[in-house]
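Remarks on the structure that follows.
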């Protein structure tokens with residue numbers, strides 16, 4: 001993590017936008033100053049605006065990963081692997097994506113190592129970057145040997161949380177992330193910033209974070225956005241009612 005302070009940057013960290021362009025646009029205007037954008041995958045799927053989200057990230061020259069929904073929207077994963085509502089939205093997304101946006105998504109990987117800052121980025125987990133859910137301390141502990149950097153950022157669960165391994169005591173500690181409270185990136189840590197477009201932690205506000213490479217912290221943020229606008233767009237696209245309803249509750 002850049003201990004010398006050289007090339008210090010403020011980086012906007014996003015994950016699981018899921019075709020929710022209203023949430024994405026609010027984050028981009030709400031966030032403190034940043035010099036780069038990293039997205040941990042699942043840009044599309046579930047939501048009604050896949051092209052708008054991809055185009056926005058393209059325009060920002062974002063470092064972006066490919067999530068399981070992105071891969072399915074590109075016909076690289078079978079729809080039978082997904083829930084009924086996800087299958088319906090992904091079939092719709094496959095038809096909606098433009099060739100240019102599909103090509104951009106297809107150029108992405110599910111895992112990247114940013115050597116400049118000694119950070120591993122994965123969509124799901126270091127062990128299985130596409131599918132595995134790190135939903136508890138046991139899964140986190142099992143994944144610690146699968147990345148060599150001090151820090152690994154992941155998405156997929158839509159739940160902001162950090163798992164820190166204290167090497168001396170071999171103790172793994174899980175901590176919920178507190179809004180606007182800088183979290184020290186002390187090795188070894190697995191950290192999820194939550195979902196930008198479909199939160200599942202009971203808070204419907206869009207989630208994101210700012211990584212400070214000089215101070216070696218990541219600060220979580222939440223932003224209210226016009227949920228009703230996304231819900232209307234979901235209805236207008238003929239997507240499942242549940243996908244609109246859940247946005248209001250953050251689950």
Over region 10-95, what is the mean sequence separation of C-alpha contacts under 8 Å (at least six apart), divided by residue count, expressed as relative contact order in percent? 29 percent
Can you pull the Rg over Rh of region 91-236, Cα-only, Kirkwood? 1.00
Just to be sure I understand the model, the point goes 7 Å from the Cα along the line to the Cβ. What's the resulting residue 180 to residue 29 distance in nm? 2.0 nm
Residues of region 21-45 with backbone nitrogen within less than 19 Å of a virtual label 7 Å along the Cα-to-Cβ line of residue 236, please, listed as ranges. 21-26, 45
I'd like to compare 42-53, 210-221: which one has the highest average count of other Cβ atoms within 10 Å, and what's the full order after that? 42-53, 210-221
Put a dot 7 Å past each Cα toward the Cβ at residue 60 and residue 136; how far apart are the dots in nm? 3.4 nm
Let a ≥ b ≥ c be the square roots of the eigenvalues of the Cα gyration tensor of region 1-78; is it rounded (a/c under 1.5), or, if not, prolate (a/b larger than b/c) or oblate? oblate
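Test of understanding: what is the full-extension gain from residue 80 to residue 36, defined as 0.36 nm times their sequence separation minus their Cα-Cα distance?
Length difference between fully extended and current span is 12.3 nm.
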Find the centroid of the Cα atoms in region 11-62 and in region 63-106, then give the distance between the two in whole Å. 16 Å
Report the gain in length on full extension from residue 116 to residue 103: 0.36 nm times residue separation, minus Cα-Cα distance, nm rounded to one decimal. 2.0 nm
On full extension of the chain, what length is gained from residue 173 through residue 226, given 0.36 nm per residue of separation minus the C-alpha to C-alpha distance? 15.6 nm
Could you work out the pair-distance distribution P(r) of region 40-143 from its alpha-carbon pairs, with 5 angstrom bin width and percents rounded to whole numbers? 2, 13, 22, 22, 18, 13, 7, 3, 0
Determine, for 227, 119, the number of other Cβ atoms within 10 Å of each Cβ, and report the residues in order from fewest to most. 227, 119
State log₁₀ I(q)/I(0) for the chain at q = 0.17 Å⁻¹ as given by the Debye formula over alpha-carbon point scatterers of equal weight, solvent excluded. -1.28
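Here, each number is a calculation from the coordinates, and none is a lab measurement. Given the structure is predicted, the values throughout are model-derived calculations rather than measurements. Methodologically, a virtual Cβ is constructed for each residue, glycine included, from the backbone with ideal geometry; neighbour enumeration extends over all protein chains shown.
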